[in-house]
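Participant: This is the structure I want to talk about, given as structure tokens.
The values are calculated or read from the model by the stated rules, or taken from the named source; none is laboratory data. Note that the coordinates shown come from a computational prediction; the quantities given were computed from them, not determined experimentally. Here the Cβ positions follow ideal geometry from the backbone for every residue, glycine too, while neighbour counts run over all protein chains shown.
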Protein chains: 2
Amino acid sequence: MHFKINSQVLADSLKKIEKVVNPKHTIPILQGISMEVTQEEIILIGSDSTESFRYHIPVDGESVEVFECGKAVLPKQVCEIAKKLKTQLELKLENFNLSIKYGKKSEFTLNTFDYEEYPKLPKFNIDKPSLTFKGADFGVLIKRTAYAASDSETRPILTGVNMSLESDCMTLVATDSHRLGQIKSTKITTEEPMSLVIPAKALDKLAKTFDLQEDISVYCESNNQVVFRSGQLFFYTRVLEGNYPDTTRLMPNSFKSEMKIGRKELLDSLDRISGLASGADNGKGGVVKLFVNGAATISTHQSQIGKGQEVVEYEELNGEDNFTISFSAKYLIDALKAVESDYILFKYQGDNRPFIITPTDSEYDETQLILPVRTLT
Amino acid sequence: MHFKINSQVLADSLKKIEKVVNPKHTIPILQGISMEVTQEEIILIGSDSTESFRYHIPVDGESVEVFECGKAVLPKQVCEIAKKLKTQLELKLENFNLSIKYGKKSEFTLNTFDYEEYPKLPKFNIDKPSLTFKGADFGVLIKRTAYAASDSETRPILTGVNMSLESDCMTLVATDSHRLGQIKSTKITTEEPMSLVIPAKALDKLAKTFDLQEDISVYCESNNQVVFRSGQLFFYTRVLEGNYPDTTRLMPNSFKSEMKIGRKELLDSLDRISGLASGADNGKGGVVKLFVNGAATISTHQSQIGKGQEVVEYEELNGEDNFTISFSAKYLIDALKAVESDYILFKYQGDNRPFIITPTDSEYDETQLILPVRTLT
């Protein structure tokens, strides 16, 4: 292996794949970065064994020039070195030692790992994606749902987002059993129905790493892996095993009251009130009370600290205009941040029954559902 | 207590004093903020018992309007509330309950602490500062020294910066016994010699909080406290007890070699090399070797990871042009960051003897001293 590369190109490429590389991984080789150099491209892989990124750098003869092909697993220090230099680098592998030369006399020589010991990524047919969507759409689908997945491994299936595709629409749903985010899109359809549960954290990582201006292709050729691709970047993640709970029965159809209210205004008020509530609650957000009667009043009472109430005028209300409901401020804040719309509908079903937030303006069918908290007073 | 205040004015004022307020302080009243409202000013105090900030907000009848004087210790939540609102606030105290009203119907009611139980700050004669200097000068004095103080409480006196004032100059010095930062200024002189040891962390806090465009006055009326003042902001900190070690005998006078070299260039090279060295060292910076012979070569060899060397051309060298010295990369990086000059002089005394960094261009007498590390090879 022997090639020249612009340090900026190498640093930018490494940045795309290093998010999953853990420098303290118990399997030492996974602390490194797999590199395969051919005459056409340099393939970089970073992996933590459940999630992997793969990126292809094209050999253009200008910013990248290859003299000799080869394979190696480089230590992660190569990322730091590439980031800190602004120059042309010459990399050469000899007997598991990678030399990086730059400037007149400066040089690093890094020990590498044996490429043959690096776990192989599953193969798939790159020409036949299971489906393809616009990155911007996929970003929305993730934002509306992934936040509601569970953080806890008590029920591992709930740490995922259930993506199911039918002939007429695609549905994403996530729930931690206290709240639920769901979005349906009729833009993406398929002849072959499919359903898989993808770890919410993997989807978050994908949304942060992929260029959402580009198309994203999905490949589901094996039962336990799914691959996402956008241009030269590939993301491999495991699929969660098990049956995702049926959440359709949780979706209410009729409501006692539907209140149209400013999203930003409600969010700001909740933020201030929850600041007080969370003071007594180690920052977990605290429970707040919503009282609707001519306006929406959010309040909290923490015997240790004090009490607060904010009044937010609603735009419109259909149905019962006199109800009270208590809930975790954090859950409603998360839901209001996950949607994008100037106004939302707050749909009330009755005491101790889940309530729903929907944006008034969306090209998707969206539902954010929250279970209220029972309180004694 | 009853007054109106612009939330921005309150938030900005609270920001100046809240750095020392610990919401988990074991003494509950110190979790709060002391407030005294008079017709002329509102006095805010935040304290962690060893360090305190005090800030006076003038009552101007516009952004602050006082209806009734009073005293209270407010819970820290008041900071969050003030920061999150952009409006006029009306604060009123009744029976240890502080109500904060804003907008049409929104209101917080916070429990307060008993003002009489809040620790009193030591008194001093505000008209007679012990000395006064320009903030910009004081900022430089702190930057050159505080970084070299010890983090460890093994020898508490070394966690401080020794500030000593004589008839002809003021000297600040800090050392953790492995490295030392010293600066002398002839701009500040006094007829009454004085010497005190101020915690380095307090000086850091001061440099970050005070407006260094303004003059800073120092009051040393008691043996264990010193007060800094800039405009309406006061900072109280304890003085470390004990005798500061005599560091004058550590200052070498003659050198085997003096090398003039680019500060930024040396810093960037060290940064890259130490990235490799620290990999084997849990991020502690690692030991690097400097070999000077026609140029400065910095290198490291970590058997686990690999080796690296960078060559930095020097500008000029007087004396021996063939020596090798090993040291903690972090110490030299810290010292090079603490000084400001395009070039520095690297002054070499001989094997295993401390070396010195001085800026080539400074209006002060500055010395950064570093003890080398003995190595077997």
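Participant: List the pairs whose first member sits in the range A:329-350 and is over 16 Å from residue A:258 (Cβ atoms) and not assigned by TED's automatic domain parsing to the domain that holds residue A:183, whose second member is part of a helix (DSSP H, G or I) and β-branched (Val, Ile, Thr), and whose Cβ atoms are under 7 Å apart, counting only residues at least 6 apart or on separate chains?
Facilitator: So the pair list comes out as A:329/A:273.
Participant: So if I check each of B:93, B:110, which one is in contact with a Pro (Cβ under 7 Å, 6 or more places away or on another chain) and not hydroxyl-bearing (Ser, Thr, Tyr)?
Facilitator: One residue alone meets the criteria, B:110.
Participant: Among the residues of the range B:99-136 satisfying the criterion of being under 30 Å from residue A:288 (Cα atoms) and of a type in the set (D, E, K, R), which is nearest to the other protein chains (Cβ to nearest Cβ)?
Facilitator: Here the residue is B:105.
Participant: Select from the range B:63-81 the residues that are within 11 Å of chain A (Cβ to nearest Cβ) and outside any helix (DSSP H, G or I) and list them in ascending order. Lay out the reasoning, then the answer.
Facilitator: Restricting attention to the range B:63-81, the residues satisfying the condition of being within 11 Å of chain A (Cβ to nearest Cβ) are B:74-81.
Answer for the range B:63-81, where residues must be within 11 Å of chain A (Cβ to nearest Cβ) and outside any helix (DSSP H, G or I): B:74, B:75, B:76.
Participant: Confirm whether residue B:92 is over 23 Å from the mean Cα position of the chain (by Cα), more than 14 Å from chain A (Cβ to nearest Cβ) and among the basic types (Lys, Arg). Write out each step before concluding.
Facilitator: Numbers: over 23 Å from the mean Cα position of the chain (by Cα): yes; more than 14 Å from chain A (Cβ to nearest Cβ): no; among the basic types (Lys, Arg): yes.
No: the conditions fail for residue B:92.
Participant: A further question follows. Looking at (1) within 19 Å of the chain's Cα centre (by Cα); (2) assigned to a loop (DSSP other than H, G, I, E, B), can you tell me which one residue A:154 breaks?
Facilitator: Here residue A:154 meets the rest and fails (1).
Participant: Let me ask something additional. Go through (1) part of a helix (DSSP H, G or I); (2) at pLDDT 95 or above; (3) not basic (Lys, Arg) and name the single condition residue B:93 misses.
Facilitator: Only one criterion in (1) part of a helix (DSSP H, G or I); (2) at pLDDT 95 or above; (3) not basic (Lys, Arg) is unmet by residue B:93, namely (1).
Participant: So, in the range A:44-62, exactly how many residues are under 22 Å from residue A:88 (Cβ atoms) and not in a loop (DSSP other than H, G, I, E, B)? Step through it out loud before you land on a result.
Facilitator: First, the residues of the range A:44-62 that are under 22 Å from residue A:88 (Cβ atoms): A:44, A:55-62.
Cutting the leftovers down to not in a loop (DSSP other than H, G, I, E, B) gives us A:44, A:55-58.
Summing the residues that are under 22 Å from residue A:88 (Cβ atoms) and not in a loop (DSSP other than H, G, I, E, B) in the range A:44-62 gives 5.
Participant: Moving to a separate point now. Name the single residue that is nearest to the other protein chains (Cβ to nearest Cβ) among those in the range B:246-264 being within 19 Å of residue B:361 (Cα to Cα) and within 26 Å of the chain's Cα centre (by Cα).
Facilitator: B:264
Participant: Can you confirm whether residue A:340 is buried (at least 21 other Cβ atoms within 10 Å of the Cβ), of a type in the set (Asp, Glu) and over 11 Å from residue A:267 (Cα atoms)? Write out each step before concluding.
Facilitator: Numbers: buried (at least 21 other Cβ atoms within 10 Å of the Cβ): no; of a type in the set (Asp, Glu): yes; over 11 Å from residue A:267 (Cα atoms): yes.
Answer is no for this residue.
Participant: Against the conditions (1) assigned to a strand (DSSP E or B); (2) hydroxyl-bearing (Ser, Thr, Tyr); (3) at positive phi, where does residue B:195 fall short? Just the number, please.
Facilitator: (3)
Participant: Could I ask something else about it? So, residue A:84, is that one within 14 Å of another protein chain (Cβ to nearest Cβ) and more than 24 Å from the chain's Cα centre (by Cα) or not?
Facilitator: Details: within 14 Å of another protein chain (Cβ to nearest Cβ): yes; more than 24 Å from the chain's Cα centre (by Cα): yes.
The answer is yes for residue A:84.
Participant: Pick from A:121, A:131: which is in contact with a Cys (Cβ under 9 Å, 6 or more places away or on another chain) and either within 30 Å of residue A:29 (Cβ to Cβ) or modelled with pLDDT under 90 (or both)? Break it down stepwise before answering.
Facilitator: On the way: A:121 fails: in contact with a Cys (Cβ under 9 Å, 6 or more places away or on another chain).
Only one candidate passes the filter, namely A:131.
Participant: Given the structure, is residue B:165 buried (at least 16 other Cβ atoms within 10 Å of the Cβ) and either over 20 Å from residue B:152 (Cα atoms) or in the same structural domain as residue B:137 (by TED's automatic domain parsing) (or both)?
Facilitator: Values: buried (at least 16 other Cβ atoms within 10 Å of the Cβ): yes; either over 20 Å from residue B:152 (Cα atoms) or in the same structural domain as residue B:137 (by TED's automatic domain parsing) (or both): yes.
Spelling it out, residue B:165 is indeed buried (at least 16 other Cβ atoms within 10 Å of the Cβ) and either over 20 Å from residue B:152 (Cα atoms) or in the same structural domain as residue B:137 (by TED's automatic domain parsing) (or both).
Participant: Please go through the range A:313-343 and pick out each residue that is closer than 15 Å to residue A:274 by Cα, within 14 Å of chain B (Cβ to nearest Cβ) and of a type outside the set (Gly, Ala, Ser).
Facilitator: Of the range A:313-343, the ones closer than 15 Å to residue A:274 by Cα are A:326-337.
With the extra rule that they be within 14 Å of chain B (Cβ to nearest Cβ), the set shrinks to A:329, A:333.
Passing the criteria: only A:333.
Participant: Here's something else I'd like to know. Tally up the residues in the range A:274-297 that are at the interface with another protein chain (Cβ under 9 Å from one of its Cβ atoms) and at pLDDT 90 or above, please. Can you show your working first?
Facilitator: Going residue by residue through the range A:274-297, those that are at the interface with another protein chain (Cβ under 9 Å from one of its Cβ atoms) are A:275-276, A:279, A:295, A:297.
Subsequent filtering for residues that are at pLDDT 90 or above retains A:295, A:297.
Qualifying residue count for the region: 2.
Participant: Still on this structure, please answer the following. Residue B:201: of a type in the set (Lys, Arg), surrounded by 15 or more Cβ atoms within 10 Å (Cβ to Cβ), touching a residue at least 12 places away in the same chain (Cβ under 8 Å) and within 30 Å of residue B:349 (Cα to Cα), yes or no?
Facilitator: Working: of a type in the set (Lys, Arg): yes; surrounded by 15 or more Cβ atoms within 10 Å (Cβ to Cβ): yes; touching a residue at least 12 places away in the same chain (Cβ under 8 Å): yes; within 30 Å of residue B:349 (Cα to Cα): no.
So residue B:201 does not fit the description; no.
Participant: Moving on. With the condition kept exactly as written, say whether any residue in the range A:48-64 is in contact with a strand residue (DSSP E or B) (Cβ under 7 Å, 6 or more places away or on another chain) and surrounded by fewer than 15 Cβ atoms within 10 Å (Cβ to Cβ).
Facilitator: Initial filter on the range A:48-64 (in contact with a strand residue (DSSP E or B) (Cβ under 7 Å, 6 or more places away or on another chain)): A:50-59, A:63-64.
After this cut, where a residue has to be surrounded by fewer than 15 Cβ atoms within 10 Å (Cβ to Cβ) as well, the list is A:50, A:58.
Within the range A:48-64, one or more residues are in contact with a strand residue (DSSP E or B) (Cβ under 7 Å, 6 or more places away or on another chain) and surrounded by fewer than 15 Cβ atoms within 10 Å (Cβ to Cβ).
Participant: Among the residues in the range A:41-52, are any more than 27 Å from residue B:304 (Cβ to Cβ), in the same structural domain as residue A:104 (by TED's automatic domain parsing) and not basic (Lys, Arg)? Before you say what the answer is, go through the steps one by one.
Facilitator: We begin by selecting, within the range A:41-52, every residue more than 27 Å from residue B:304 (Cβ to Cβ); these are A:41.
With in the same structural domain as residue A:104 (by TED's automatic domain parsing) added as a condition, the list becomes A:41.
Of the ones still in play, those that are also not basic (Lys, Arg) are A:41.
Yes, some residue in the range A:41-52 is more than 27 Å from residue B:304 (Cβ to Cβ), in the same structural domain as residue A:104 (by TED's automatic domain parsing) and not basic (Lys, Arg).
Participant: Right, another one. Could you list all residues from the range B:68-84 that are over 17 Å from residue B:17 (Cβ atoms) and either in contact with an Asp or Glu (Cβ under 7 Å, 6 or more places away or on another chain) or crowded, with 22+ Cβ neighbours inside 10 Å (or both)?
Facilitator: B:84, the sole residue that qualifies.
Participant: Considering only residues of the range B:129-144 that are β-branched (Val, Ile, Thr) and assigned to a helix (DSSP H, G or I), which is surrounded by the fewest Cβ atoms within 10 Å (Cβ to Cβ)? Steps first, please.
Facilitator: Going residue by residue through the range B:129-144, those that are β-branched (Val, Ile, Thr) are B:132, B:140, B:142.
Those left that are additionally assigned to a helix (DSSP H, G or I): B:140, B:142.
Numbers: B:140: 23, B:142: 25.
Of everything passing the filter in the range B:129-144, B:140 is surrounded by the fewest Cβ atoms within 10 Å (Cβ to Cβ).
Participant: While we're on this one: Mind listing whichever residues of the range B:215-261 are touching a strand residue (DSSP E or B) at 6+ places or on another chain (Cβ under 7 Å), among the polar types (S, T, N, Q) and either outside the structural domain of residue B:194 (by TED's automatic domain parsing) or part of a loop (DSSP other than H, G, I, E, B) (or both)?
Facilitator: The answer is B:224, B:232, B:247, B:257.
Participant: Next question, about the same structure. Which residues, counting only those in the range B:106-123, are of a type in the set (S, T, N, Q) and crowded, with 18+ Cβ neighbours inside 10 Å?
Facilitator: Our first condition is that a residue be of a type in the set (S, T, N, Q); within the range B:106-123, this holds for B:106, B:109, B:111-112.
Of everything in the range B:106-123, those that are of a type in the set (S, T, N, Q) and crowded, with 18+ Cβ neighbours inside 10 Å turn out to be B:106, B:109, B:112.
Participant: Here is a follow-up. Output the number of the condition that residue B:126 fails; it satisfies all remaining conditions of (1) crowded, with 19+ Cβ neighbours inside 10 Å; (2) over 19 Å from the mean Cα position of the chain (by Cα); (3) closer than 21 Å to residue B:206 by Cβ; (4) aliphatic (A, V, I, L, M).
Facilitator: If we test residue B:126 against (1) crowded, with 19+ Cβ neighbours inside 10 Å; (2) over 19 Å from the mean Cα position of the chain (by Cα); (3) closer than 21 Å to residue B:206 by Cβ; (4) aliphatic (A, V, I, L, M), just (1) comes out false.
Participant: Residues of the range A:4-43 being in a strand (DSSP E or B) and surrounded by fewer than 21 Cβ atoms within 10 Å (Cβ to Cβ), which ones? So that I can check it myself, show each step before the final result.
Facilitator: Going residue by residue through the range A:4-43, those that are in a strand (DSSP E or B) are A:4-6, A:33-37, A:41-43.
Selection gives A:4, A:6, A:36, A:41, A:43.
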